[in-house]
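Only the coordinates and a few stated rules stand behind these numbers; no lab work does. Predicted model, so just to flag it, every value in this text is computed and none were measured. Using ideal geometry, Cβ is built from the backbone for each residue, glycine included, and neighbour counts are taken over all protein chains shown.
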C-alpha cells in the first residue's frame, strides 16, 4: 500500500517509484506497440520514425534537462519528468494521428530526460552513497 506522508523515508519512496515505473513502463511499451500496429496501422517505416523521434529527442534534451536537475532541484526535475511522460502518453492515446504520435514521442523524450540520472542523484543525496548502493540493488 502506498502511503503519501512526510514520515515515509526517501528510500521507501525511491523503491516504490522504481517498482511502479518499471512495471508501468513495461506495460505501456507493450500496449504501445500493439496500438501502433492494430489501431493506427503504422507501417514499418513509420514505426522506425516513431522510435527515432523518441531517441533523437532524448539525445537533444539530455544536457539541458540535466542542468535543470543540477542547478534547480533534482526532486523538481523528477516531478516535471513524470508529469511530461504522462502528458506524452495521454497525447499519444488521445490523438490517432501519426503527427501527434511523433509529438507525443518528443514530449515523452523530454520527460524522460528530466528523470534520467536525477532519480539516482536525488536518492544518493538523500540517503548517502553507502546506503544508495543497497537501494539501487533493491530497486533493480
For this session: Report the relative contact order of segment 10-139, percent, no decimals, based on alpha-carbon pairs under 8 angstrom and at least 6 residues apart.
Result: 34 percent
For this session: State the percent of C-alpha pairs, over all pairs in segment 1-70, separated by a distance greater than 17 angstrom.
Result: 66 percent
Problem set entry | Rounded to 10°, Cα long-axis angle of helix 44-71 versus longest principal axis of the chain | 30 degrees
Seminar exercise, completed: Note: segment 63-140, point scatterers on Cα, Debye, no solvent; log10 I/I(0) at q = 0.14, 0.17, 0.19 Å⁻¹ equals -0.53, -0.69, -0.78
Exercise. What per residue convex hull volume, in Å³, do the alpha-carbon atoms of the chain yield?
Worked result: 121 Å³
For this session: Give me the distance in nm between label points sitting 7 Å out from Cα along the Cα-to-Cβ direction at residue 47 and residue 31, one decimal.
Result: 2.0 nm
Seminar exercise, completed: residue 100 and residue 87 label points (each 7 Å along its Cα→Cβ direction) are spaced in nm at 1.6 nm
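So if each residue of separation counts as 0.36 nm, and I subtract the Cα-Cα distance between residue 20 and residue 7, what length gain in nm does that give?
2.7 nm
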Exercise. In whole Å, how far is the Cα centre of segment 1-71 from that of segment 101-116?
Worked result: 8 Å
